[in-house]
Amino acid sequence: MPDRRRGPPAVPLAAGGRVRRRGPHARRARAVPGVRRRAPGTLAAFARWSVAHAVPLLAVSALAGLALGALSADLDERLSNGEVTASGTESGEADGLLAERFGARPPDLLLYARAPGPVDAPGTARAGRELTRRVAAWRGVDAVRSYWTTGRPDLRSKDGRGALITVDLGGDPAAAARTAERLVPAVARRAPPLRVSAAGPTWATVQIIERSRDDQRVAELVVAPLTVVILLIAFRSVFAALVPAVIGVLAVAATLAALRLLSSAMAVPAVAPNLTTALGFGLAIDYSLFLVTRFREEIARGRPVPRAVEESMRSAGRAVLFSAATVAVALSGLLVFPVEALRSLAWTAIILVLSAAASAVVVVPAMLAVIGDRIDRLDPFARLRRPAPRPPLAVRLARRAFPWRVRRARGGWAPFRLERDGHREESAFWRRLATAATRRPVALGGGCALLLVLLAAPFAHARFGVLDERVLPRDAEAHATADRLRRDFDRPVDRDLVVVLPGRVPPERAGEYARWISAVPDVLLVRTATGGYARGERVEAPGPAHAALAVRDATMITVSGAADPQSRRAERLVERVRDLPAPGRRLVTGRAAQAVDTLSAVGDALPAALLVVAGTTLVMLFLFTGGLLASLKALLLGLLSLTAGLGAVVAVYQDGRLSALTGDVAGLLEANTLLLALTVAFGLSIDYEVFLLDRIREAYLATGDHTASVVAGIARTGRLVTAAALIVAVTVGSLVFASVAVLQVNGFALALAVLVDATVVRGLLVPAFMRLTGPANWWAPAPLARLRRRLGLADHPPPAPARPRLPLPRALAPALARRPAAAPAGSGGGLLRSGRRA
């Protein structure tokens, strides 16, 4: 009986032929050198088909890219910010009641008209009424209220030379933005002697779209050349650099076309195209880098082009699909938050990741088949790397006398300098770094982890807000006009709170409740059906305007506040108003209440989102690696890589530590886009971890030496991850120079997190932690290991390198058959063994 713990015995099939194992694992027999074995699996089969139909596939891909580009041509016209506030909140219910019972809602557009003299002068008043009439007659406008038609004193500026026109626009947010884009320039040109400027959420959306479009054009002109240069430096070949660049273009075109279709079902944020262009290029190039690098290794090992393409797809292609799926399921955690704009951005990122992976897996094999063994030709920097002349005798003697000298790298910057290990390219710099980390894991790993945690200290006093005009520069019209309204008016409309009392409430009780509200600190004036109140006293007698604040089954109370709607004072005002005893059920809304409710809803949904992200990521990592501890370690280090970015974002964009470079800061961070940036950064961290663990696991299955496998995996992926991280940092880092603050924060946080993850985490923390845990990284409970085998995801040893087929003497065949098969140390139980059938 064979010893099943050691595997079935091997017997020779024929002299000079294949060595086959008896038993249920016979189909996974390893071939002796010189015998060609086809790569198994669906990806390898697709690779064979791609090689056979490379030219037609590339032609179809090019036509598809042109068609996708044409489909997304009018995407800018369908953009909007959507709903940046949470749904299902108290303020949201109040807004619905106001629109239903009173026909009132927050204005979409504010037109501020300034005159050379008093706005009540006959000529100015006539021009104001004419301006109001033209705005009301504009197609797409639902309602207009102005000082000249209503006589409301709160619509006139303190100096009497300015007046406000509030406009409600019809249609969805994208239609409202298109209406405002045409309306404001048209009425501003035909309003003399009035000078008209615009503000409001819809006009802020219009200007965000315009600024984002300009920023995108500038970024493309700068990012594309930098990306090509980095690819040429990393690959030292025009052909090798061409493949990722083409995949990046296809991925971006596919995502923009998908956003165009998605805009028919939901509001697509104005910043989505910028994020797509920056992040799409980086992700697509990342995935292509891994495939091209593996193809070059297989070519260097002597494999023919078709077999090299198959092996690249079998190994790196599998890692690409798992990585994309892991990032996509991690991003699905953002769908838990009840904010439409955040969900739209989450769908944008998910589509982007899947498009990048699909473009790489479908098109790269065909491109590699066409390029073939010319992948390493046309080195543009060949002349720059000529051998250095022999140094003088004095220099040679000095180097011998001082052996601790620092040698000059001939191959370029140290992280890109390569050494050959058999048929594999390794980075000497990353090998030395990983070796040092495995020798002193506690000191280096613990020190780096402590440093990253300390860098996150500024995040302890982070303040969050929701999207408004302050994401634009101060010289933008929407931002400048909003600031002017706050200065020129005693009671700016954006600081108002509205209290709704559903049902029938006696007028005297509603008046008494309004009087109590007027005594709350930071309340300037309270109006309801019984008059106006200030400081606990009635200051306005009831009139027609007050009577409109009560209907048969609801009462409305307007509260003019003194604090900025996203300040701590406004937050305390909302809490105090809600804490007051009311004559029945009451609902509070307004910009301050919406901000408070949105942040509260996001905070309530955060634990569920974290659970979704962590749980799905852990499951995907285990299915890929087969090791429970390795998957958990990847999850924790992915979270740890975000710490430096969290602290730096608060220090730079909230505290204004680099205001000379970033300009004025709003003193708070937009919560929704920051959540997106952190989730994408975590996904990129897991992305790199997947490819690193793939190489470490492959080396471990081949050698059984855990520490050496960790060092080898980092040495073989260090240069690759460095190049990928630099490309992502350049593409998304270009957003730092955008004029929209949310793009700046996203670009800064992503670039910093990616660079920290690719250097400190990958170079020091990963080898230190894996050295401490040892072979236990690859352990899994027996039920989970069996489940993974049933899913067909079990590991198998890497194929033997292709060597020239030489005649094998018959006398050596029995000796080869008796040679024991190598298996990783510690295999057994839930640990998958080399050479075993999946």
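Using the Cβ-Cβ distance between D120 and D483 with R0 set to 22 Å, the FRET efficiency from 1/(1 + (r/R0)^6) comes to roughly 0.30. Spread over its residues, the convex hull of the C-alpha atoms of segment 563-681 is 137 Å³ per residue. For the pair D522 and A45, the difference between a 0.36 nm per residue extended length and the Cα-Cα distance amounts to 164.7 nm. Highest mean packing comes first when the peptides 199-210, 488-499, 669-680 are listed by Cβ atoms within 10 Å, giving 199-210, 669-680, 488-499. Taking label points 7 Å from Cα along the Cα-to-Cβ direction, L580 and L618 give a separation of 4.8 nm.
The ranking of V766, V523 from fewest to most other beta carbons within 10 Å of each one's beta carbon is V523, V766. Between segment 667-687 and segment 191-251, the alpha-carbon centres lie 20 Å apart. Given q = 0.15, 0.16, 0.21 Å⁻¹, what are the Debye log10 I(q)/I(0) values for segment 477-597, with equal point scatterers placed on the Cα positions and solvent ignored? Ignoring solvent entirely, the Cα scatterers give -0.64, -0.72, -1.17.
Could you calculate the contour length gain from L791 to R463, that is, 0.36 nm times the residue separation minus the distance between their Cα atoms, to one decimal place in nm? Don't skip to the end; give the middle numbers.
Details: separation 328, 0.36 × 328 = 118.08 nm, distance 4.57 nm.
Using 0.36 nm per residue and subtracting the Cα-Cα distance, I get 113.5 nm.
Quote the FRET efficiency, to the nearest 0.05, computed for A73 versus V238 with a Förster distance R0 of 30 Å and r equal to the Cβ-Cβ distance. All intermediate terms of the calculation are to be shown ahead of the outcome.
Values: r = 31 Å, r/R0 = 1.03.
Rounded to the nearest 0.05, the efficiency is 0.45.
Test of understanding: what is the full-extension gain from V442 to E93, defined as 0.36 nm times their sequence separation minus their Cα-Cα distance? Present the calculation step by step, with values, prior to reporting the outcome.
Working: separation 349, 0.36 × 349 = 125.64 nm, distance 5.45 nm.
Once the chain is fully extended between V442 and E93, it gains 120.2 nm.
On the principal axes of its alpha-carbon atoms, segment 554-601 has extents of 28, 25, 17 Å, going from largest to smallest.
Model label sites at V60 and R217, defined 7 Å from Cα along the beta-carbon direction, differ in position by 3.7 nm. When peptides 639-649, 534-544 are sorted by average Cβ neighbour count within 10 Å, with the highest value leading, the order is 639-649, 534-544.
Here's how it looks for V268: its modeled amide H is under 5 Å from those of S80, which are all 5 or more places away or on a different chain. Here segment 108-199 is assigned +1 on the Cβ of each Lys and Arg and -1 on the Cβ of each Asp and Glu. Its dipole about the Cα centre then comes out at about 380 debye.
Distance from the alpha carbon centroid of segment 481-495 to that of segment 278-336 works out to 53 angstrom.
Across segment 477-597, the mean sequence separation of Cα contacts (distance under 8 Å, 6 or more residues apart), normalised by length, yields a relative contact order of 33 percent.
From most to least packed by mean Cβ count within 10 Å, the peptides 726-737, 779-790 give 726-737, 779-790.
Between the beta carbons of H53 and L611, assuming R0 = 41 Å, the FRET efficiency works out to 0.40 to the nearest 0.05. Computed from point charges on the beta carbon alone (+1 for Lys and Arg, -1 for Asp and Glu), the dipole magnitude for segment 477-597 about its Cα centre is near 260 Debye.
Below 8 Å, C-alpha to C-alpha, sequence gap of six or more: please give me the relative contact order for segment 210-333 in percent. Present the calculation step by step, with values, prior to reporting the outcome.
Working: 67 pairs, mean separation 29.9, N = 124.
After rounding, I find 24 percent.
Of the Cα atoms belonging to segment 108-199, the radius of gyration and Dmax stand at 12.5, 38 Å.
Entry note, segment 108-199: relative contact order of 45 percent, from Cα contacts under 8 Å with a spacing of 6+ residues.
Every number here is computed from the coordinates shown, using simple stated rules; none is lab data. What you see is a predicted model; the values in this text were computed from it and never measured. Ideal geometry is used to build each Cβ from the backbone, glycine not excepted, and the neighbour counts take in all protein chains shown.
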